[in-house]
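S.K.: Dropping a structure here in structure tokens format, bear with me for questions.
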There are 4 protein chains.
Amino acid sequence: MSWNTFGRVFRFTTWGESHGPALGVVVDGCPPGIALSEEHIQPFLDARKPGQNRFTTQRREADEVRILSGVFDGRTTGTPISLMIENTDQRSKDYSEVAKAYRPGHADYTYDAKYGFRDYRGGGRSSARETAARVAAGAIARLVIPEVTITGWTEAIGPHSIDYANFDAEQTRSNPFFCPDAEAARAWEGVIDATRKAGSSLGATVACEARGVPAGWGAPIYAKLDSELAAAMMTINATKGVEIGDGFAAARLSGEENADTMQPGENGEIAFGANHSGGTAGGISTGQPVLTRVAFKPTSSILTPVDTITKEGEATQIQTKGRHDPCVGIRGVPVVEAMMALVLADQKLLHRAQMGER
Amino acid sequence: MSWNTFGRVFRFTTWGESHGPALGVVVDGCPPGIALSEEHIQPFLDARKPGQNRFTTQRREADEVRILSGVFDGRTTGTPISLMIENTDQRSKDYSEVAKAYRPGHADYTYDAKYGFRDYRGGGRSSARETAARVAAGAIARLVIPEVTITGWTEAIGPHSIDYANFDAEQTRSNPFFCPDAEAARAWEGVIDATRKAGSSLGATVACEARGVPAGWGAPIYAKLDSELAAAMMTINATKGVEIGDGFAAARLSGEENADTMQPGENGEIAFGANHSGGTAGGISTGQPVLTRVAFKPTSSILTPVDTITKEGEATQIQTKGRHDPCVGIRGVPVVEAMMALVLADQKLLHRAQMGER
Amino acid sequence: MSWNTFGRVFRFTTWGESHGPALGVVVDGCPPGIALSEEHIQPFLDARKPGQNRFTTQRREADEVRILSGVFDGRTTGTPISLMIENTDQRSKDYSEVAKAYRPGHADYTYDAKYGFRDYRGGGRSSARETAARVAAGAIARLVIPEVTITGWTEAIGPHSIDYANFDAEQTRSNPFFCPDAEAARAWEGVIDATRKAGSSLGATVACEARGVPAGWGAPIYAKLDSELAAAMMTINATKGVEIGDGFAAARLSGEENADTMQPGENGEIAFGANHSGGTAGGISTGQPVLTRVAFKPTSSILTPVDTITKEGEATQIQTKGRHDPCVGIRGVPVVEAMMALVLADQKLLHRAQMGER
Amino acid sequence: MSWNTFGRVFRFTTWGESHGPALGVVVDGCPPGIALSEEHIQPFLDARKPGQNRFTTQRREADEVRILSGVFDGRTTGTPISLMIENTDQRSKDYSEVAKAYRPGHADYTYDAKYGFRDYRGGGRSSARETAARVAAGAIARLVIPEVTITGWTEAIGPHSIDYANFDAEQTRSNPFFCPDAEAARAWEGVIDATRKAGSSLGATVACEARGVPAGWGAPIYAKLDSELAAAMMTINATKGVEIGDGFAAARLSGEENADTMQPGENGEIAFGANHSGGTAGGISTGQPVLTRVAFKPTSSILTPVDTITKEGEATQIQTKGRHDPCVGIRGVPVVEAMMALVLADQKLLHRAQMGER
């Protein structure tokens, strides 16, 4: 099937291929009266867009967003908001190789297996260019949850992790890696340069935190906050794992070690002793920061020739020469942030559907 | 919100509380003509049910399932299948402590924060007893995908992992831990005994594999197979992480290391060089085994007194004395299997909606 | 497909066959804290239940509802509410005739055409007994919209219409026809007696009004209030038409005749000059009474032998002897009311999802 | 709420305002491999588009559709199809009157009541221009159900009905009224001319028939074919009633009169004695033509001054001078056809999800 809509009451639907004329998103269910113009959205697209430095794909896209509906006199009207981004750098090239043979790890084979054929130009619908549409939608979602502050960062590229002792959230916008550790960021320059030169690629781990989420959001049982976030993150290209809070590390702990104790805090708030849970219990937010961690596999597009088969099933080798990110997880940071915002906006609205405005 | 339905075309809706008269599930969208009776479902419930040995909670429930609709002359009719399981061992006890104070890590606080009050008896709706309903639904899902074989197992309890060199799928049904490593299973007896005696608890990691999934299932982009599985697993009580294939390990690899090369295989099949991806590419099944791994946090219910607050926000301590699983992840194995089956059945039907019967 | 769930945020799922052990409904998304017991639901079931007088089917069902989940200490908890009604008068009879041949106008043939076989006992899932489940759900929906008063009535049976000059809402609960015109009700006794004696049946028109709906409910464009009501009404057995406000009569008017003029009213309210629109404009409620009208075809079950075919496609005749309503539309009144309540509760919650509590 | 998506597996989402830069639709779930270009869609838009003769609004729109995604090498790829139509004749005019006061019968008041403010230019989102998007989507839906032939026609404008003795389906494309009765069409010229000159408007009844629908489509109970069609039709601007088959006329019949008898027909088909039911039984198609009838109220925009109130609640009068259709139901014919196609395509796919390709 094709399923390009996400969300329950705050919903968005994306469309578009890597080398088609444009891509876009329709955001439905947005509350009215919110100040919105292209200027609210563009900075998030700019953070994600390719070709800004030597560490990402050299495809250059302006990624200029245009609002086509749902806004009047500078405010959202409550009707669907259509956003469009034109593709401008679909380099005309010879696609004969990728059209005929499958790049292992790519969606080439599975799209053919499912649909019988595929738009092979730049990966078609399976291209990470689709994430531009959700970053645009995520910018709107942020406006729906002004009480929440969302920050994402790269935690590791390949085996190279940050040192949390150096964590500085400000840093995440100061280097090309969304890296909160200035020292690590400097080291990563060499790592990525070497990776790119070798025609290789690296995986990455991205973390994202949302502060300001009140206690009570989340829809047990089959739309638990953990579940919605996991679903959201695992729709992003190249993701293979997701954790809430301590995630897999919690599986190695005892109940005592994992306890997020509670004590009376200031101003009637609760002082938690820890946040192993990542801000949820029973699928509902606790009021603590919501924390997720996402695993990105290394870009499958590498220069090293790898064994594969043609569409007809014959043995061959393929070598991916085109423009690509040596570490696709890096540009995943704005996408993870966007998905966090989109899930939380949806859950906020869903919560007040059942509960009213408490 | 309350959201107790899962699935897109093969859907199920669960209901019931830990200490209410019964719990159940309505399965909708099941194809007609499938032989179904309680005997097809009961074995899966028996595998999950508590009180069978000293390693799980001592609550004793027959967990006898009754089919109330959707079956005629021994076959599914295509109309909704209602299943009910009566609760029989809701031990009458004094709930005054848990009614007043929040058990850290439990849904006690968040249900109150969301709904204003809660059914505190045995955790109410947030109890893992709800998973009996999905195990029952999962038994039906398996009948919808006879081409698929699903096997789950415990990979680790706390820091104690199995040795994959000893892996024997048969073993998973021969010990109380769903442990595929006979040696590890013996060692775990002591680990769990010690944990239970200490009034402590342990986390666990559960893995699950589905063989026989043809290439082509999955609904890009917002119902990718990875995303549906992640969502499904993260609705299970106490889960905090999910991986498809190599998961977080893939994030530490290079593109060369992570490549699932393809070669012509026998009978027109594809011979993959590896299955780092866990059986999906671009969110669509590749034809390889679909593999997921799920992290369960340690049961929050421990005998050690922990700091907490009362409903009124005052400091207190709480000690959970009732019956509980020292390692809730163990009994998670049949639940993970059920969710795997439920997702795959839904995706099979969704696939043929768009594609027809190819 | 089988699709047994209705609603977007306030949702219900029904299950059960005419001659199975029970039928029921799961209501999900209900706000917490609402006082609820079987006593809130039973009166609505009693109004619908068969066998209460000589004008309806002689099947006698207690239609006793039991709440199985979602209520604690007499109040809704915000979790799914499961309701069950046991079937008690599934008269054992010889179904060989209806099993073999199709009753024209019934779902016999189409269920076979769709599913390959069917539960032919009493119509199986296609029986109007399913409406008991929604009447139960509707009783809960009413509690979600205490600001709204819903009244349904029979407007005509066959060609015999009420005289609106005699309209008295109180009357609708004083005669076996939900007839607001006492004089018509007396005349209808003879009409129905004659119909029953002739082994014939009659169609009916049912109207339903909801007062107290504030301006602003409804979800343009594809969940307009008109559309949701039309969908809801047309899921009821034997319905073939639905109108909002003047309906088809409006199609014969000019713009001047159809204008619902507006003037300043008392207490800041609006004084409308008419309500041709039936309380909606652009799919959103205007604050006027919401009015719908539903056409029920005559019961297909008649004593007169009619031409039909067997399952094997051979010519035969069929004569329906069993217990049936001579005018199924009459008992449709409580069902139409229930569906009105269910749609409005859903739209109220959906409205506040987007808009907050204004 | 705002709810701009329709369908369950074949889904579409529309966006756009009357006077925004463009409007469009995203069609998701379309099977792959279907030949599709703008040429397949444009004729249906041309049939609907305004300004083609003196009997409709004089707004002139090219209504040129552009496919932005989901098609490669001239065939659908199975991914979302984005269609866009630019608005070109948003006449700049003074909107001060309609911005301040509410046109009775229009969505002016209700949009304000719901959303707090509105895009008043040409009715904004509530404009019937939105139907262009669904006519475009409907053209794609037709390609999904090549076995089905859909024909709509105007049955009456105001009190002026066609004579079915003169019915000629060919005629519906030969006159500006989609009128199948050539004689009536001639008479209607005068009726509409007079109406337009008087600054008045008329309601209309539109009928639509789908031939070739096999027995078995429809999703009992809450997505019955009758219900889906009713929902679909009642989302169209200005609709106030819908019937399947005989509709309200059936309510006046006896069971004998309403019986659609069955006899063995040719080639193993069934020879029905009548089609009172309009091609459905129990919400599932019977194999007979599916017939629906839709009531359109008269355009609310009339020259006659009518009492209304300002946004501030003060008494005033309003007179609608702009361009408008004297009988909006006429141009409703292509829209009703499109909705028929969209519902049937969705039900076809939903059917094979559960049943496979039988």
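S.K.: In terms of modelled amide H atoms, which long-range or inter-chain residues lie less than 5 Å from the amide H of A:Ala219?
M.R.: Placed amide hydrogens put A:Lys224, A:Leu225 under 5 Å from A:Ala219.
S.K.: Starting with the highest mean, order C:152-159, A:262-269 by the number of other Cβ atoms within 10 Å, averaged over the residues of each peptide.
M.R.: Highest-to-lowest ranking by the protection proxy: C:152-159, A:262-269.
S.K.: Could you please rank B:Asp325, B:Asp28, C:Asp73, B:Asp260, placing first whichever residue has the fewest other Cβ atoms within 10 Å of its Cβ?
M.R.: Ordered by Cβ neighbours within 10 Å, fewest first: C:Asp73, B:Asp260, B:Asp325, B:Asp28.
S.K.: Any idea what the dipole of the stretch B:237-303 comes to, in debye rounded to 20, about its Cα centre with Lys/Arg Cβ at +1 and Asp/Glu Cβ at -1?
M.R.: In total the dipole reaches around 520 debye.
S.K.: Under the rule a/c < 1.5 gives rounded, and otherwise a/b versus b/c splits prolate from oblate, where does the stretch B:257-358 land using the Cα gyration tensor?
M.R.: Verdict is prolate for the stretch B:257-358.
S.K.: How far apart are the C:Thr310 label points across copies, placing each 7 Å from Cα toward Cβ, in nm, shortest first?
M.R.: Relative to the other copies, C:Thr310 has label-point distances of 5.9, 7.7, 7.9 nm.
S.K.: Also: Helix-only estimate, please: 222 nm mean residue ellipticity of chain C, summing -39500 (n - 2.57) across DSSP H runs of length 4 or more and dividing by its residues, to the nearest 500.
M.R.: -8000 deg cm²/dmol
S.K.: Moving on to the next point. So for the stretch B:1-138, averaging the separation of alpha carbon pairs under 8 Å that are six or more residues apart and normalising by length, what relative contact order in percent results?
M.R.: Contact order relative to length: 32 percent.
S.K.: Could you work out, residue by residue across C:136-146, how many beta carbons of other chains sit within 10 Å of that residue's beta carbon, and then give the average as an integer?
M.R.: The shielding value for this peptide is 0.
S.K.: To the nearest whole number, what is the average tally of beta carbon atoms from other chains within 10 Å of the beta carbons of peptide B:308-314?
M.R.: What the average comes to for B:308-314 is 4.
S.K.: Name the residue farthest towards the positive end of the dipole of the stretch D:218-257 from the options D:Ile244, D:Gly255, D:Ala230, assuming +1 on Cβ of Lys and Arg, -1 on Cβ of Asp and Glu, about the Cα centre.
M.R.: Farthest towards the positive pole: D:Ala230.
S.K.: Further, regarding this structure: Pick out, from B:Cys208, B:Ala274, B:Thr77, the residue whose Cα sits farthest towards the positive end of the charge dipole of chain B, with +1 on the Cβ of Lys and Arg and -1 on the Cβ of Asp and Glu.
M.R.: B:Thr77
S.K.: For chain B, modelled as a Gaussian network with Cα springs under 10 Å, which listed residue fluctuates most, B:Pro334, B:Pro146, B:Pro326?
M.R.: Maximum among the listed residues: B:Pro146.
S.K.: Also, quick follow-up: Taking the mean number of other Cβ atoms within 10 Å as a proxy for protection, how do you rank B:243-254, D:181-192 from highest to lowest?
M.R.: The densest-packed peptide leads the list: B:243-254, D:181-192.
S.K.: Let me ask you something else. For the rotation bringing D onto A, which D residue has its Cβ nearest the axis, and at how many Å?
M.R.: Per the D/A rotation axis, the closest residue of D reads D:Thr13, 2.
S.K.: Measuring nothing but label to label, 7 Å from Cα along Cα→Cβ, what are A:Asn267's distances to the other copies in nm, shortest first?
M.R.: A:Asn267 label point versus its equivalents elsewhere: 3.9, 6.6, 7.6 nm.
S.K.: By counting other Cβ atoms within 10 Å of each Cβ, how are C:Phe12, B:Phe167 ranked from fewest to most?
M.R.: B:Phe167, C:Phe12
S.K.: What would the Debye equation give as log₁₀ I(q)/I(0) for chain C at q = 0.10 Å⁻¹, counting only Cα atoms as equal point scatterers?
M.R.: Values returned for q = 0.10 Å⁻¹ are -0.65.
S.K.: State whether the stretch B:118-217 is rounded, prolate or oblate according to the following rule on the C-alpha gyration tensor (a ≥ b ≥ c being the square roots of its eigenvalues): a/c under 1.5 gives rounded; otherwise a/b larger than b/c gives prolate, and the remaining case gives oblate.
M.R.: Judged from the Cα gyration tensor, the stretch B:118-217 comes out oblate (a/c at least 1.5, b/c at or above a/b).
S.K.: Place a +1 charge on the Cβ of each Lys and Arg in chain B and a -1 charge on the Cβ of each Asp and Glu, then give the dipole magnitude about the Cα centre in debye, rounded to the nearest 20.
M.R.: 1040
S.K.: D:Ala62: net charge of surrounding residues, Cβ under 10 Å, Lys/Arg +1, Asp/Glu -1, itself excluded?
M.R.: Counting the neighbours of D:Ala62, the net charge comes to -4.
S.K.: Considering only the label points, 7 Å along Cα→Cβ from Cα, what distances in nm to one decimal separate B:Gln52 from the same position in each other copy, shortest first?
M.R.: The projected label point of B:Gln52 is separated from its counterparts by 4.9, 5.4, 6.8 nm.
S.K.: Hey, how many Å between the Cα centroid of the stretch C:1-59 and the Cα centroid of the stretch C:97-148?
M.R.: 12
S.K.: Follow-up. Give the span of the stretch C:1-150's Cα atoms along each principal axis, as three whole-Å numbers ordered largest to smallest.
M.R.: 51, 36, 27
S.K.: From the backbone phi of the stretch B:59-69, what are the Karplus-calculated ³J(HN,Hα) couplings (6.51 cos²θ - 1.76 cosθ + 1.60, θ = phi - 60°) in whole Hz, Gly and Pro given as x?
M.R.: Calculated HN-Hα couplings, in order: 4, 10, 10, 5, 6, 7, 8, 10, 8, 9, 6 Hz.
S.K.: Take B:Thr304, project a point 7 Å from its Cα along the Cβ direction, then tell me which residues of the stretch A:266-295 have their backbone nitrogen under 16 Å from it.
M.R.: What the label zone holds, given the 16 Å backbone N cut-off, is A:273-277.
S.K.: While we're looking at this one, here's another question. Any idea how far apart C:Lys311 and B:Asn53 come out in nm if each label point goes 7 Å out from Cα toward Cβ?
M.R.: Calculated label separation equals 4.7 nm.
S.K.: Also, I was wondering about something else. So, counting K/R as plus one and D/E as minus one, what does the shell of residues with Cβ under 14 Å around B:Ser277 add up to?
M.R.: With Lys, Arg at +1 and Asp, Glu at -1, the net is -2.
S.K.: State to the nearest 20 debye the size of the charge dipole of the protein assembly as shown about its Cα centre, where the only charges are +1 on K and R beta carbons and -1 on D and E beta carbons.
M.R.: Dipole about the Cα centre, nearest 20: 0 debye.
S.K.: How much space per residue, in cubic angstrom, does the convex hull of the C-alpha atoms of the protein assembly as shown take up?
M.R.: Hull volume normalised by residue count: 164 Å³.
S.K.: What FRET efficiency would be calculated for the residue pair B:Glu269, D:Ala165, taking the C-beta separation as r and a Förster radius of 51 Å, to the nearest 0.05?
M.R.: 0.20
S.K.: Using a 10 Å cut-off around each Cβ, can you sort A:Trp15, C:Trp3 from fewest to most neighbouring Cβ atoms?
M.R.: Going from least to most buried by this count: C:Trp3, A:Trp15.
S.K.: Going by the alpha-carbon gyration tensor, a ≥ b ≥ c the square roots of its eigenvalues, is the stretch A:1-52 rounded (a/c under 1.5) or, if a/c is not under 1.5, prolate (a/b greater than b/c) versus oblate?
M.R.: Oblate is the answer for the stretch A:1-52, as a/c is 1.5 or above yet b/c matches or exceeds a/b.
S.K.: Right, next: To the nearest whole number, what is the average tally of beta carbon atoms from other chains within 10 Å of the beta carbons of peptide B:195-203?
M.R.: Counting Cβ atoms of other protein chains within 10 Å of each residue's Cβ and averaging gives 4.
S.K.: Given R₀ = 30 Å, what would the calculated FRET efficiency be for C:Ser96 paired with D:Arg211, taking r from the Cβ atoms and rounding to 0.05?
M.R.: Step by step, r from the Cβ atoms, then E = 0.25.
Only the coordinates and a few stated rules stand behind these numbers; no lab work does. This one's a predicted model, so the numbers in the text were calculated from it and none came from an experiment. Glycine gets a Cβ as well: all are built from the backbone with ideal geometry, and neighbour counts include every protein chain shown.
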